[in-house]
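Asks: I am attaching a structure below and will ask some questions about it afterwards.
The values are calculated or read from the model by the stated rules, or taken from the named source; none is laboratory data. Predicted, not measured: the structure shown is a model, and the values here were computed from it. FYI the Cβ positions are ideal-geometry reconstructions off the backbone, even for glycines, and counts take in every protein chain you see. Only protein heavy atoms, including side chains, enter the accessible area calculation; ligands, DNA and RNA are left aside. Shrake-Rupley method; radii C 1.70, N 1.55, O 1.52, S 1.80 Å.
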Amino acid sequence: MIIKLKASASKEAIQQVIDFVRAHGLDVDASLGKEVTLVGVIGDTRQLPKQALEFLPAVEKLIPILKDYKLASREFHPENTVVKVNGLKIGGEQLVIMAGPCAIEGEEQLLEAAHAVKEAGAHVLRASAFKPRTSPYDFQGMGEEGLKLLRKAKQATGLVTETEVLDVRDVELVAKYVDILRVGARNMQNFDLLREVGKIDKPVILKNGISSTLKEFLLAAEYIMAEGNRNVILCSRGIRTFETLTRFTLDVNTIPLLHKESHLPVIVDPSHAAGIRELVQPMSRAAVAAGADGLLVEVHSHPEKALCDGKQALLPSDFRQLMSDLRKIAPIVGRTM
Ligand code: PEP
Ligand code: MN
């Protein structure tokens with residue numbers, strides 16, 4: 001439920017409304033905008049005496065939220081959410097570029113990629129220590145050893161770090177080493193994992209499932225938010241279609257649609273969507289032109305030797321070219337880099 005306050009409401013009268021809601025065991029998400037003041041009520045509003053609430057001097061009217069995803073909906077929170085991590089703002093004016101290898105394979109490989117993406121202007125180093133592989137015989141990641149290397153790469157470059165958490169049992173461990181946790185496409189509806197990352201105080205990148213609807217995607221975000229973690233970043237990573245020449249298909253529609261439905265930042269992963277190096281740059285440009293708040297791109301200094309996803313990894317030189325192209329597109333869509 002949203003409480004719409006009168007434009008003339010005083011600070012004290014607004015506080016009275018907030019205190020009233022809290023006194024009934026619920027919390028508020030106050031969005032003190034310029035013209036309208038909306039207060040989102042968090043929790044089961046059935047226990048709230050609506051008549052008494054409507055009677056408070058600051059209250060104009062009570063508006064029920066109709067969407068199933070309440071906390072994630074723009075109805076609940078009209079202004080964009082800006083996720084802040086180590087001084088970096090995700091979902092604000094600045095385009096945020098996350099780049100790095102698919103998997104952490106060793107110190108030299110990770111540091112080489114980390115320095116390359118940093119020099120090209122990336123803000124976040126992506127790299128996975130736990131890999132969700134289709135075959136159990138493929139490289140599964142370096143685990144905690146990999147996380148230690150990621151921490152080392154952060155210290156060496158100053159980049160913010162992000163990595164995938166695959167298992168509920170690893171959430172605490174992963175949160176100890178990195179700045180942003182990622183829930184991958186295969187786990188979008190792993191509800192226990194979603195609840196667990198909802199309890200930590202680090203931002204979470206949530207990827208769409210390959211066959212999920214946007215409603216299911218936003219409800220997955222809702223699982224995280226309902227546990228208290230409001231710093232969710234939606235990542236559009238492509239969907240499964242009948243096309244076989246590409247790995248998946250980037251659904252560019254989702255960028256403006258997610259922005260319309262939700263206040264959460266929306267980033268795009270062109271690498272997994274395309275699965276082919278040559279497509280990653282044009283898909284990245286399209287994503288930024290369509291309003292993405294950032295990108296998650298795979299970069300590897302020696303893709304021919306990569307233990308995972310070498311075919312879709314950009315070379316550092318490709319990545320530098322991409323960054324230079326994005327610097328031209330960004331101002332056209334009102335972004336800085
Ligand atoms: C990844 O980004 O490393 C990854 C495995 O992607 P996805 O979960 O989108 O398949
Ligand atoms: Mn990958």
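Asks: Sort out which residues of the stretch 293-327 are of a type outside the set (Asp, Glu), touching a Lys or Arg at 6+ places or on another chain (Cβ under 9 Å) and away from ligand 2 (no atom under 16 Å from the Cβ), and write them in order of number.
Replies: Leu322, Leu326, listed by residue number.
Asks: If only one of Asp27, Asp19 is under 22 Å from Tyr223 (Cβ atoms), out of contact with any Cys (no Cβ under 8 Å at 6 or more places or on another chain) and not assigned by TED's automatic domain parsing to the domain that holds Ala226, which one is it?
Replies: On the way: Asp19 fails: under 22 Å from Tyr223 (Cβ atoms).
Of Asp27, Asp19, the one residue that is under 22 Å from Tyr223 (Cβ atoms), out of contact with any Cys (no Cβ under 8 Å at 6 or more places or on another chain) and not assigned by TED's automatic domain parsing to the domain that holds Ala226 is Asp27.
Asks: Now for a separate question. Looking at the stretch 130-152, is at least one residue within 18 Å of the chain's Cα centre (by Cα), among the basic types (Lys, Arg), buried (at least 20 other Cβ atoms within 10 Å of the Cβ) and within 15 Å of ligand 1 (Cβ to nearest atom)?
Replies: To start, the set of residues in the stretch 130-152 that are within 18 Å of the chain's Cα centre (by Cα) comprises none.
Among the residues of the stretch 130-152, not one is within 18 Å of the chain's Cα centre (by Cα), among the basic types (Lys, Arg), buried (at least 20 other Cβ atoms within 10 Å of the Cβ) and within 15 Å of ligand 1 (Cβ to nearest atom), which makes the answer no.
Asks: Moving on to the next point. Could you tell me how many of the residues in the stretch 165-182 are open to solvent by less than 10 Å² (accessible area, probe 1.4 Å), out of contact with any helix residue (DSSP H, G or I) (no Cβ under 6 Å at 6 or more places or on another chain) and within 16 Å of ligand 2 (Cβ to nearest atom)?
Replies: The total comes to 1.
Asks: Sticking with this structure for a sec: With assigned by TED's automatic domain parsing to the domain that holds Phe130, among the basic types (Lys, Arg), within 16 Å of ligand 2 (Cβ to nearest atom) and buried (at least 24 other Cβ atoms within 10 Å of the Cβ) as the only criterion, which of Arg237, Arg277, Arg247 stands out? Walk me through how you get there before you give the answer.
Replies: On the way: Arg277 fails: buried (at least 24 other Cβ atoms within 10 Å of the Cβ); Arg247 fails: buried (at least 24 other Cβ atoms within 10 Å of the Cβ).
Unique residue meeting the criteria: Arg237.
Asks: Same structure again: For the stretch 258-337, which fully contained helices (runs of 4 or more DSSP H) count at least 1 residues that are away from ligand 1 (no atom under 16 Å from the Cβ)? Give the derivation first.
Replies: Values: elements: 270-274, 277-289, 316-332.
Passing ranges, in order: 277-289, 316-332.
Asks: If you take the residues of the stretch 90-129 that are within 15 Å of ligand 2 (Cβ to nearest atom) and polar (S, T, N, Q), which of them is nearest to the chain's Cα centre (by Cα)?
Replies: Filtering the stretch 90-129 for residues that are within 15 Å of ligand 2 (Cβ to nearest atom) and polar (S, T, N, Q), the one nearest to the chain's Cα centre (by Cα) comes out as Ser128.
Asks: Look at the stretch 130-154 and say how many of its residues are more than 16 Å from ligand 2 (Cβ to nearest atom), farther than 23 Å from Ile210 by Cβ and not charged (D, E, K, R).
Replies: Here is the first cut: in the stretch 130-154, the residues more than 16 Å from ligand 2 (Cβ to nearest atom) are 136-137, 143-145, 147-149, 151-154.
Going one step further and asking which of them are farther than 23 Å from Ile210 by Cβ, we end up with 143-145, 147-149, 151-154.
Now narrow it down to the ones that are not charged (D, E, K, R): 143, 147, 149, 153.
Of the residues in that region, 4 qualify.
Asks: In the stretch 284-304, what residues are surrounded by fewer than 24 Cβ atoms within 10 Å (Cβ to Cβ) and either free of Cβ contacts under 8 Å to residues at least 40 places away in the same chain or β-branched (Val, Ile, Thr) (or both)? It would help to see each step written out before you state the result.
Replies: Here is the first cut: in the stretch 284-304, the residues surrounded by fewer than 24 Cβ atoms within 10 Å (Cβ to Cβ) are 285-286, 289-291, 301-304.
Residues satisfying the conditions are Ala286, Ala290, Pro303, Glu304.
Asks: Would you confirm whether or not the stretch 111-120 contains a residue that is within 24 Å of Gly228 (Cβ to Cβ) and of a type outside the set (Gly, Ala, Ser)?
Replies: Step one: filter the stretch 111-120 for residues within 24 Å of Gly228 (Cβ to Cβ), giving none.
Looking through the stretch 111-120, none of the residues is within 24 Å of Gly228 (Cβ to Cβ) and of a type outside the set (Gly, Ala, Ser).
Asks: Could I ask something else about it? Can you report the number of residues in the stretch 186-229 which are among the small types (Gly, Ala, Ser), within 16 Å of ligand 1 (Cβ to nearest atom) and either surrounded by fewer than 24 Cβ atoms within 10 Å (Cβ to Cβ) or in a loop (DSSP other than H, G, I, E, B) (or both)?
Replies: Of the stretch 186-229, the ones among the small types (Gly, Ala, Ser) are 198, 209, 211-212, 220-221, 226, 228.
Checking the rest, the ones that are also within 16 Å of ligand 1 (Cβ to nearest atom) come to 209, 211-212, 220-221.
If we keep only those that are either surrounded by fewer than 24 Cβ atoms within 10 Å (Cβ to Cβ) or in a loop (DSSP other than H, G, I, E, B) (or both) too, we end up with 209, 211-212.
Of the residues in that region, 3 qualify.
Asks: Quick one: which of Asp325, Asp309, Asp318 is in contact with a Cys (Cβ under 9 Å, 6 or more places away or on another chain) and surrounded by fewer than 24 Cβ atoms within 10 Å (Cβ to Cβ)?
Replies: Working: Asp325 fails: in contact with a Cys (Cβ under 9 Å, 6 or more places away or on another chain); Asp318 fails: in contact with a Cys (Cβ under 9 Å, 6 or more places away or on another chain).
Going through Asp325, Asp309, Asp318 in turn, just one is in contact with a Cys (Cβ under 9 Å, 6 or more places away or on another chain) and surrounded by fewer than 24 Cβ atoms within 10 Å (Cβ to Cβ): Asp309.
Asks: I would also like to ask the following. Would it be correct to say that Ala114 is open to solvent by less than 30 Å² (accessible area, probe 1.4 Å), at pLDDT 95 or above and either more than 16 Å from Ala153 (Cβ to Cβ) or polar (S, T, N, Q) (or both)?
Replies: Working: open to solvent by less than 30 Å² (accessible area, probe 1.4 Å): yes; at pLDDT 95 or above: yes; either more than 16 Å from Ala153 (Cβ to Cβ) or polar (S, T, N, Q) (or both): no.
It is false that Ala114 is open to solvent by less than 30 Å² (accessible area, probe 1.4 Å), at pLDDT 95 or above and either more than 16 Å from Ala153 (Cβ to Cβ) or polar (S, T, N, Q) (or both).
Asks: So, one more: Please work out if Ala287 is within 16 Å of ligand 2 (Cβ to nearest atom), touching a strand residue (DSSP E or B) at 6+ places or on another chain (Cβ under 7 Å) and closer than 22 Å to Gly238 by Cα.
Replies: So Ala287 does not fit the description; no.
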